[in-house]
Amino acid sequence: MAENAPVHQVKPLPFALLGGGISDKTNQIHHNKLYAGYVNKRNEIEAALKTSDKTKANATYSAFGELKRQESFAANGMILHEIFFGILGGDGKPSGRIVDMIAKDFGSFDAWKEDFLACAMTARGWVVLAYDHSDGRLHNYVGDAHNQGGIWGAVPVLNCDVYEHAYFIDFGSDRKAYLEAYFKNIDWKAIDEMAKTTGAVKK
Ligand SMILES: [Fe+2]
């Protein structure tokens, strides 16, 4: 890496097109403007923190404190979008050990999907299926912002972006139609592989 290259790099979109009505226009804006924006802001914040005055740190207001608060927003904005793009581009057919784990922990795959969809309808930002090391089980967790609702130590398995920017161009306010399209595009093979590398399932 060049000496002055940014620490965090924008990863390319791992698929060409999605089906089910999620348009290329949405994907291009979502990836090239919004996701890339979080990567760039994370770099900017980390660079600013290097010279920020730590002696002025204060719980009400300080430049250092504001940078630290926005650091978690930008970092999670980057990470959650990389997971989101990484688990799409598939045929939507559930397969692999992760699907067996889902069925075991939620009673059945359909019971998990019902809960996940309810979470996706209630969330203002994200729903994340995560393996929680604190109890050794899978959970659907909800976040109203990139840096809210995450459970420390829980490993994301898959997620769904339910911010309006993810669907409004293609589906207007019909979030249910977007979620239907999302499920048609899930890449379960990629999820199973990712779960092995993150330790959510044993290799
Ligand atoms: Fe997004």
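The values are calculated or read from the model by the stated rules, or taken from the named source; none is laboratory data. Since this is a predicted model, take the numbers as computed values, not measurements. For neighbour counting, all protein chains shown are included, and Cβ atoms are generated from backbone atoms with ideal geometry for every residue, glycine included.
Data overview
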quantity: Total residues in region 78-98, condition closer than 27 Å to TYR35 by Cβ and in a helix (DSSP H, G or I); calculated: 10
quantity: Hey, MET101 modelled with pLDDT of 95 or more and either among the polar types (S, T, N, Q) or within 30 Å of VAL10 (Cβ to Cβ) (or both) or not; calculated: no
quantity: Tabulated pairs, region 23-40, first in contact (Cβ under 8 Å) with a residue 12 or more places away in the chain, second surrounded by 12 or more Cβ atoms within 10 Å (Cβ to Cβ) and charged (D, E, K, R), C-beta under 6 angstrom, 6+ apart or interchain; calculated: SER23/ASP170; THR26/ASP170
quantity: TYR178 vs. criteria among the aromatic types (Phe, Trp, Tyr) and not in a helix (DSSP H, G or I); calculated: no
quantity: Residue within region 134-150 that is crowded, with 18+ Cβ neighbours inside 10 Å, part of a strand (DSSP E or B) and either among the aromatic types (Phe, Trp, Tyr) or not assigned by TED's automatic domain parsing to the domain that holds ASP192 (or both) present; calculated: yes
quantity: Hey, ILE79 more than 15 Å from the ligand (Cβ to nearest atom) and within 29 Å of ALA5 (Cα to Cα) or not; calculated: no
quantity: Boolean, LEU129 is closer than 22 Å to ASN76 by Cα, more than 15 Å from the chain's Cα centre (by Cα), part of a strand (DSSP E or B) and away from the ligand (no atom under 16 Å from the Cβ); calculated: no
quantity: Breaking point among (1) away from the ligand (no atom under 13 Å from the Cβ); (2) within 21 Å of the chain's Cα centre (by Cα); (3) part of a loop (DSSP other than H, G, I, E, B), for ALA59; calculated: (2)
quantity: Among (1) more than 14 Å from the ligand (Cβ to nearest atom); (2) within 26 Å of ASP187 (Cβ to Cβ); (3) out of contact with any helix residue (DSSP H, G or I) (no Cβ under 7 Å at 6 or more places or on another chain) - the single one ARG42 does not satisfy; calculated: (3)
